[in-house]
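S.K.: Encoded as structure tokens, here's the structure I'll be asking about.
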Ligand code: C2E
Ligand code: CA
Ligand code: CA
Ligand code: CA
């Protein structure tokens, strides 16, 4: 009487089981996609808010599963972190980023500025991270790369973070603190991290035109960055009004749909890189 037993399982348990099965299945598919090099990097422009010139780009990982279609990084990155796949994925991202930078150079259309690469907490926990990055990206100069790490990942082990960030800066990589404003770092730690730029979190930019609290937070972040000789880069800029207000507030750079969406390498080059 298997049927009867099945109906005794609560809808909650069934939903749980379904979620767990999907996640297990997804973990296996993601693992295969990484090994078979079926992930892709997209590139989103970063621009100077005064001149509107390209100052760099951010590499963003994309996964198209033949059966499910596009899976959001908001779903597969945390899954990779949880299931021990993030180093494998992160290594591929570093290698692919360097390969693409070299290819643009060879084609006579180099990316100006730096390519931002996202690093997750588990990669950052490796004390030899700087050497590891150098080995995986040896075809390009460290001056072509910025490493992005979230403010909350920095704050997980601030003393370790200080050591690694100093090594990274000494090697010539730039360091951006991602999702800034959401991670409760203190001014004294910020000073010791010696980052090149604070990326103002999208949540403050989204509401800054209507919400004076968010506007004040953005202004405070810019003032903090100025005090510490760091640049500011606002993320999630979607309108001309947001861009104008940010420029007026003294924010240096911006990234967002208003300037350009993340694009595959060839379309990014056609739109943003020229001889
Ligand atoms: P993030 O590092 O904060 O990346 C910015 C996210 O904002 C990206 O989402 C980007 O597509 C999106 N975005 C850019 N402009 C706008 C805009 O104007 N409006 C809105 N609403 N969104 C905008 P995406 O590509 O879905 O990535 C989500 C997160 O996944 C990233 O957040 C990052 O934490 C993670 N991620 C993506 N690629 C990688 C990777 O290669 N390695 C690691 N460790 N994490 C990655
Ligand atoms: Ca980022
Ligand atoms: Ca961010
Ligand atoms: Ca984020």
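S.K.: Which one of these does residue 46 not meet: (1) closer than 23 Å to residue 177 by Cβ; (2) not in a strand (DSSP E or B)?
M.R.: So residue 46 meets the others, but not (2).
S.K.: Then there's this: Take the stretch 31-47 and flag every residue that is crowded, with 17+ Cβ neighbours inside 10 Å and in contact with a strand residue (DSSP E or B) (Cβ under 7 Å, 6 or more places away or on another chain).
M.R.: Listed by number, the residues that qualify are 33, 39, 41, 42, 43, 44, 45, 46, 47.
S.K.: Could you figure out which of (1) in a loop (DSSP other than H, G, I, E, B); (2) under 25 Å from residue 59 (Cβ atoms) isn't true of residue 233?
M.R.: (1)
S.K.: Inside the stretch 217-275, can you point out the residues that are on the phi > 0 side of the Ramachandran plot, surrounded by fewer than 18 Cβ atoms within 10 Å (Cβ to Cβ) and touching a residue at least 12 places away in the same chain (Cβ under 8 Å)?
M.R.: Listed by number, the list holds a single entry, 250.
S.K.: Looking at this structure, is residue 233 away from ligand 2 (no atom under 16 Å from the Cβ) and closer than 28 Å to residue 188 by Cβ?
M.R.: No; evaluated as a whole, the condition is false for this residue.
S.K.: Given (1) touching a strand residue (DSSP E or B) at 6+ places or on another chain (Cβ under 6 Å); (2) within 15 Å of ligand 2 (Cβ to nearest atom), where does residue 72 come up short, assuming only one miss?
M.R.: Tallying (1) touching a strand residue (DSSP E or B) at 6+ places or on another chain (Cβ under 6 Å); (2) within 15 Å of ligand 2 (Cβ to nearest atom), residue 72 fails exactly one: (1).
S.K.: Please work out which residue is nearest to ligand 2 (Cβ to nearest atom), limiting yourself to the stretch 205-216 and to residues that are surrounded by fewer than 23 Cβ atoms within 10 Å (Cβ to Cβ) and in a helix (DSSP H, G or I).
M.R.: Taking the stretch 205-216 as the starting set, the residues that turn out to be surrounded by fewer than 23 Cβ atoms within 10 Å (Cβ to Cβ) are 206-207, 209-216.
If we keep only those that are in a helix (DSSP H, G or I) as well, we get 206-207, 212-216.
Details: 206: 16, 207: 20, 212: 27, 213: 24, 214: 20, 215: 23, 216: 24 Å.
If we take residues in the stretch 205-216 being surrounded by fewer than 23 Cβ atoms within 10 Å (Cβ to Cβ) and in a helix (DSSP H, G or I), then 206 is nearest to ligand 2 (Cβ to nearest atom).
S.K.: Here's something else I'd like to know. Condition test on residue 133, is it modelled with pLDDT of 95 or more and within 16 Å of ligand 3 (Cβ to nearest atom)?
M.R.: Judged against the criteria, residue 133 is not a match.
S.K.: Same structure again: What helices (runs of 4 or more DSSP H) completely inside the stretch 118-196 contain at least 2 residues that are in contact (Cβ under 8 Å) with a residue 12 or more places away in the chain, within 16 Å of ligand 4 (Cβ to nearest atom) and buried (at least 19 other Cβ atoms within 10 Å of the Cβ)? Outline the logic, then answer.
M.R.: On the way: elements: 121-124, 129-136, 151-156, 158-171, 187-193.
Those helices (runs of 4 or more DSSP H) span 121-124, 151-156.
S.K.: Sticking with this structure for a sec: Could you tell me whether any residue of the stretch 207-230 is touching a strand residue (DSSP E or B) at 6+ places or on another chain (Cβ under 9 Å) and within 30 Å of residue 39 (Cα to Cα)?
M.R.: no
S.K.: Among the residues of the stretch 55-71, is there at least one that is loosely packed, with under 12 Cβ neighbours inside 10 Å and part of a helix (DSSP H, G or I)?
M.R.: No, that holds for no residue.
S.K.: Would you check which residues across the stretch 78-111 are touching a strand residue (DSSP E or B) at 6+ places or on another chain (Cβ under 8 Å) and either surrounded by fewer than 16 Cβ atoms within 10 Å (Cβ to Cβ) or outside any helix (DSSP H, G or I) (or both) and list them?
M.R.: 111
The values are calculated or read from the model by the stated rules, or taken from the named source; none is laboratory data. Remember, it's a predicted structure, so these values are computed and weren't measured experimentally. Here Cβ is always computed from backbone atoms with ideal geometry, including for glycine, and neighbour counts include all displayed protein chains.
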